[in-house]
1. Test Val107 against the stated conditions and say whether it is among the β-branched types (Val, Ile, Thr), touching a residue at least 60 places away in the same chain (Cβ under 8 Å) and over 24 Å from Arg144 (Cα atoms).
2. Applying the selection to the range 213-227, what residues are surrounded by 13 or more Cβ atoms within 10 Å (Cβ to Cβ) and either over 28 Å from the mean Cα position of the chain (by Cα) or more than 30 Å from Val98 (Cβ to Cβ) (or both)?
3. Being out of contact with any Asp or Glu (no Cβ under 6 Å at 6 or more places or on another chain) and either under 25 Å from Asp129 (Cβ atoms) or outside any helix (DSSP H, G or I) (or both) is the filter here; which residues of the range 268-281 pass it?
4. As an exercise: evaluate Cys166 against (1) part of a loop (DSSP other than H, G, I, E, B); (2) among the hydrophobic types (A, V, I, L, M, F, W, C); (3) modelled with pLDDT of 95 or more and give the number of the one condition it does not meet.
5. Just to be sure before I move on: is Asp120 at pLDDT 90 or above, surrounded by 15 or more Cβ atoms within 10 Å (Cβ to Cβ) and of a type in the set (Asp, Glu) in the structure I sent?
6. Report every pair of residues separated by at least 6 positions or lying on different chains whose Cβ atoms are under 6 Å apart, first residue within the range 1-21 and in a helix (DSSP H, G or I), second of a type in the set (Phe, Trp, Tyr).
7. Within the range 174-206, which residues are surrounded by 12 or more Cβ atoms within 10 Å (Cβ to Cβ) and of a type in the set (S, T, N, Q)?
8. Within the range 36-53, track down each residue that is touching a residue at least 12 places away in the same chain (Cβ under 8 Å) and either among the small types (Gly, Ala, Ser) or surrounded by fewer than 18 Cβ atoms within 10 Å (Cβ to Cβ) (or both).
Amino acid sequence: MDYFAALTAFVEAADGNNFSRAAERLGIKASTVSRYVKDLEQDLGIALFNRSTRTLHLTEGGQTFLHHARRVLAELEQARAATSALNQHPRGLLKVSVPPAFSRHHVLPWLGEFLQRYPDIQVELVLDDARVNLIESGMDLAIRRGTLPDSGLKARKLADEQWVLCVGKAFAARHAPPDEPQRLIDYPAILGPGPADEVMFYREQTGVAVTLHGPLRINDLDARRLAAEQGLGLALLPLWLAADGLGSGRLHRWLPEWQVPAGEAALWFVYPPKRIVSSKVRSFIDFMVERVGTPPYWLN
């Protein structure tokens, strides 16, 4: 019996309470999963599952064995990661989840240089604003925006996030800029998803809450930037997205003396909590930190 394969099949079956789901995740036949479990039961001399027509339930012995099986597989993964980390030439498939707008503007432009520097790494970018479960989805790494929840993941800050109020060149030509945040209700806004349209503006010790209004709501951050550049209204945008348009004149910043506080919001690398970070993950993080710089290049 291939004990490693049998342990892996048993853990997958226990997690899904089903041989077929375990087989799908492992890319093998359900009958193979069943055979591995039977071999383990014969070797241990105890039933690991109570079986029914639709699902599996761990026996007391199965629960005990699952606890130790997880530890064995985790230790093996740590051993593999520790050995891989010693490799001076990172290699393998690197799966990275990235917010679409940030990927287009600040990952893809550097990706060719990264692949040239590390020719043995293959990159799979998954562009998604959703906070996918890294472990369940098989992701090695994610770049996330905002404030991180206490998820147990490892995190490293890439850059702080600053939001600015922007309008397009044509919109600025048609409308005089407001002299205070309260006047923003007189202008159409390009809104994001959800009902939270109230924005706090601060100047020194003064805070003003303004509820933005407008006929246009867009769930994609990059599309909101494009809509602002086309003169469809004012938009709150992160500076890493607006900086190029502001520098070229396609966008104008309104109320620059007022700040929209981001609190602890930032751009983060997050990755599963392993004791040893694989060399492919570490190389991508270090490369991006090097390219973005401190302070980030979009502030220059």
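The values are calculated or read from the model by the stated rules, or taken from the named source; none is laboratory data. Here the structure is a predicted model, which is why all the values come from computation and not from measurement. Reconstructed Cβ throughout: ideal geometry from the backbone, glycine too, with neighbour counts over all protein chains shown.
1. Answer is no for this residue.
2. Those that are surrounded by 13 or more Cβ atoms within 10 Å (Cβ to Cβ) and either over 28 Å from the mean Cα position of the chain (by Cα) or more than 30 Å from Val98 (Cβ to Cβ) (or both): His213, Gly214.
3. Trp268, Phe269, Val270, Tyr271, Pro272, Pro273, Lys274, Arg275, Ile276, Val277, Ser278, Lys280
4. Looking at each condition in turn, Cys166 falls short on (1).
5. Against the criterion (at pLDDT 90 or above, surrounded by 15 or more Cβ atoms within 10 Å (Cβ to Cβ) and of a type in the set (Asp, Glu)), Asp120 does not qualify.
6. Listed pairs, sorted by first residue: Ala6/Tyr36; Ala9/Tyr36; Ala13/Phe19.
7. Answer for the range 174-206, where residues must be surrounded by 12 or more Cβ atoms within 10 Å (Cβ to Cβ) and of a type in the set (S, T, N, Q): just Gln182.
8. Within the range 36-53, Asp39, Asp43, Leu44, Ile46, Ala47 qualify.
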